[in-house]
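Written below as structure tokens is the structure these notes are about.
The values are calculated or read from the model by the stated rules, or taken from the named source; none is laboratory data. Computed from a predicted model, the values in this text were never measured in an experiment. Cβ placement follows ideal geometry from the backbone for every residue including glycine, while neighbour counts extend to all protein chains displayed.
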């Protein structure tokens with residue numbers, strides 16, 4: 001890992017620093033001596049005593065402008081989003097404000113100081129008929145969440161700023177107490193002896209959060225703009241991923257019951273054959289994802305409680 005971009009300190013602002021990706025990104029950069037870090041979120045939570053954390057609702061245009069201009073970052077890493085795909089269908093105004101308007105506000109502020117905006121997007125901008133997808137494949141979102149994320153990408157593409165869009169899928173990784181991700185959720189329920197229904201017809205390459213943080217850092221290290229896919233090495237069904245979790249953590253696989261997506265009758269449609277091809281990131285920025293088992297090894301400590 002290259003921690004020395006140059007002698008001059010980099011100023012990095014992270015939005016959504018309370019979330020899974022935001023908190024892991026903040027912890028990563030808090031260890032850099034040549035990085036001045038500002039963490040923002042809707043509610044203030046200290047990452048560490050040395051890291052400045054402030055409250056900032058990114059749907060407030062004036063507050064975004066004030067926060068960015070006061071700190072004057074070289075890079076803004078936007079990890080904040082409204083990611084509950086089902087709630088997006090019933091809370092469209094909130095979803096649009098958080099996933100689209102807020103990105104426009106960040107872009108406006110970045111334009112004023114020539115900051116580079118790194119924005120996180122998703123495989124939900126595709127319909128899941130012909131995955132896995134490359135950066136150049138045609139988008140066709142099925143639900144409102146995907147539409148908002150595609151709109152945010154398009155807003156950046158016409159913004160005239162320096163930007164990088166990192167698309168990812170099925171993010172999982174080390175979580176703090178009280179927070180949850182897919183792996184933690186599966187382990188918790190199986191340890192409690194509860195039966196779980198998992199879909200057999202959704203295919204992805206799940207993304208270990210440390211790999212996405214590494215991808216963000218590589219973008220800064222190589223100063224790359226444009227669109228990059230970041231994901232795991234292995235493409236598999238959500239059902240098979242769950243079985244891998246149960247097997248690694250020595251849990252009862254018989255409690256995992258197969259089901260089809262349509263049987264769940266969820267408000268938002270899901271792309272089924274999805275996932276992201278990461279060849280561009282591997283060749284242009286040296287992205288090297290962990291294997292699923294390697295990622296389980298790294299998060300094991302946080303799940304032994």
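When residue 167 is tested against the conditions (1) surrounded by fewer than 18 Cβ atoms within 10 Å (Cβ to Cβ); (2) not in a helix (DSSP H, G or I), the lone failure is (1). Of the residues examined, residue 159 is not one that is under 26 Å from residue 22 (Cα atoms) and within 18 Å of the chain's Cα centre (by Cα). Yes or no: the stretch 286-298 includes at least one residue that is at pLDDT 95 or above, under 20 Å from the mean Cα position of the chain (by Cα), crowded, with 17+ Cβ neighbours inside 10 Å and over 29 Å from residue 192 (Cβ atoms). Yes: the stretch 286-298 contains one or more residues that are at pLDDT 95 or above, under 20 Å from the mean Cα position of the chain (by Cα), crowded, with 17+ Cβ neighbours inside 10 Å and over 29 Å from residue 192 (Cβ atoms). In summary, helices (runs of 4 or more DSSP H) completely within the stretch 191-305 and bearing 1 or more residues that are in contact with a helix residue (DSSP H, G or I) (Cβ under 8 Å, 6 or more places away or on another chain) occur at 209-222, 238-248, 279-284, 292-303. The C-beta contact set for the stretch 183-196 (first residue over 10 Å from residue 249 (Cβ atoms), second residue assigned to a loop (DSSP other than H, G, I, E, B), distance under 9 angstrom, 6+ apart or interchain) comprises 184/175; 188/180; 188/194; 189/195; 193/252. Would you say residue 152 is under 22 Å from residue 84 (Cα atoms), crowded, with 20+ Cβ neighbours inside 10 Å and within 17 Å of the chain's Cα centre (by Cα)? The answer is yes for residue 152. Within the stretch 226-268, the set of residues being surrounded by fewer than 16 Cβ atoms within 10 Å (Cβ to Cβ) and under 30 Å from residue 162 (Cβ atoms) comprises just one member, 226. Screening 82, 71, 126 for residues that are surrounded by 17 or more Cβ atoms within 10 Å (Cβ to Cβ) and out of contact with any strand residue (DSSP E or B) (no Cβ under 9 Å at 6 or more places or on another chain) leaves exactly one candidate, 82. Among residues of the stretch 6-28 being out of contact with any helix residue (DSSP H, G or I) (no Cβ under 8 Å at 6 or more places or on another chain) and either modelled with pLDDT of 90 or more or in a helix (DSSP H, G or I) (or both), the one that is surrounded by the fewest Cβ atoms within 10 Å (Cβ to Cβ) is 27. Checked against (1) surrounded by fewer than 15 Cβ atoms within 10 Å (Cβ to Cβ); (2) in contact (Cβ under 8 Å) with a residue 60 or more places away in the chain; (3) within 16 Å of residue 16 (Cβ to Cβ), residue 55 passes all but condition (2). Being assigned to a loop (DSSP other than H, G, I, E, B), touching a residue at least 40 places away in the same chain (Cβ under 8 Å) and crowded, with 18+ Cβ neighbours inside 10 Å is a description that does not apply to residue 146.
Residues in the stretch 269-279 that are surrounded by 19 or more Cβ atoms within 10 Å (Cβ to Cβ) and within 18 Å of the chain's Cα centre (by Cα) were compared, and the one that is farthest from residue 157 (Cα to Cα) is 270.
One residue alone among 66, 129, 92 is closer than 23 Å to residue 164 by Cα and at pLDDT 95 or above, and that residue is 66. Residues of the stretch 81-93 that are within 19 Å of the chain's Cα centre (by Cα) and either within 15 Å of residue 57 (Cβ to Cβ) or outside any helix (DSSP H, G or I) (or both): 81, 82, 83, 84.
The rows are residues; the columns are (1) within 20 Å of the chain's Cα centre (by Cα); (2) modelled with pLDDT under 95; (3) on the phi > 0 side of the Ramachandran plot.
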| site | (1), (2), (3) |
| --- | --- |
| 227 | yes, no, no |
| 257 | no, no, no |
| 300 | no, yes, no |
| 304 | no, yes, no |
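The sole residue among 59, 98 that is closer than 19 Å to residue 168 by Cβ, touching a helix residue (DSSP H, G or I) at 6+ places or on another chain (Cβ under 9 Å) and modelled with pLDDT of 95 or more is 98. Screening residue 182 with (1) crowded, with 16+ Cβ neighbours inside 10 Å; (2) in contact with a strand residue (DSSP E or B) (Cβ under 7 Å, 6 or more places away or on another chain); (3) modelled with pLDDT of 95 or more gives one miss only, at (3).
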